[in-house]
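Just below is one structure, and these are the notes that go with it.
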Amino acid sequence: MKGTTYGYVRVSARDQSEDRQLAALAIFDISHKNLFLDKQSGKDFNRPAYQRMMKKLKPGDLLIVKSIDRLGRNYEEILEQWRIITKEKQADIRVLDMPLLDTSIHRDLTGTLIADIVLQLLSYVAQNERENIRQRQAEGIAAAKARGVRFGRPSQPLPDNFHQVHKDWRNKKMTLQQAARACDMPEGTFYAKAVRVEKSLEINVCGTS
C-alpha cells in the first residue's frame with residue numbers, strides 16, 4: 001500500500017516568503033492537509049508544524065523538502081532528523097535540491113550508502129560554512145571597533161534641562177520619578193544617563209589633575 005506524501009516548508013523569519021519552497025512542492029500535488037509550514041528559526045525543533053508532521057509520519061510515507069537545511073541548522077541536527085525519519089519512522093525523504101538524497105528511489109544498499117555519504121558531506125560543508133561566516137563576521141566587527149566604529153543605536157542627545165534636573169535630583173530637591181518626568185524619560189533611562197554623566201565628569205576631573 002502506497003504511503004502518504006508530506007511536504008515541509010520552513011522560513012527563518014515571519015517576514016520571509018515561503019513562495020519559492022511552495023512552488024517547488026506544487027508539482028507533487030500534495031494535499032493541503034499534508035503540507036506543513038513553520039515560520040521561525042531552525043535553531044531548535046520546538047516547531048509546531050514540524051512536530052505535528054512528525055507525529056503523522058509512518059512507515060512507507062514520503063517527506064519532500066526543497067533543501068536539506070529545512071531539517072535543521074547544523075550538522076548534528078540534520079543527521080539526527082534524517083536518522084529519526086528514515087530509521088525510526090521508516091519513512092522516505094526526497095530533497096529536491098539534491099536528487100541523490102532520495103531514499104524512495106535508492107532503496108538498495110548501495111543507494112542508501114550513497115545517500116548517507118552525500119548527506120554527511122553536505123551537512124558538514126554547510127556547518128563549516130556557517131562557522132566560517134560567523135568567524136568572518138566576528139573578525140569584521142573586531143576590526144571595525146579597532147577603527148573606532150561604534151555599533152548599536154546612537155544615543156539620543158540629552159534634553160536642554162537635563163543637567164539642571166540632574167543637579168536638583170542629586171541635591172534631593174526632586175525625586176527620581178519627578179526628574180525623569182521633567183526630562184520626558186523613563187526612570188531607568190534617566191538614572192542610566194545620570195550615572196554615565198557622573199562617570200564622565202570623574203574621568204575629566206582625574207585627567208586634569
Point to revise | Residue that is farthest from L22 (Cα to Cα), among those in segment 67-81 that are in contact with a strand residue (DSSP E or B) (Cβ under 7 Å, 6 or more places away or on another chain) and not β-branched (V, I, T) | key: L71
**Study point:** Residue count, segment 88-106 (criterion: over 22 Å from L22 (Cα atoms) and under 28 Å from the mean Cα position of the chain (by Cα))
**Key:** 2
Exercise for review: With a cut-off of at least 2 residues that are surrounded by fewer than 10 Cβ atoms within 10 Å (Cβ to Cβ) and at pLDDT 85 or above, name the helices (runs of 4 or more DSSP H) lying wholly within segment 143-209.
Suggested key: none
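The values are calculated or read from the model by the stated rules, or taken from the named source; none is laboratory data. Since this is a predicted model, take the numbers as computed values, not measurements. Virtual Cβ from ideal backbone geometry, glycine too; neighbours counted across all protein chains shown.
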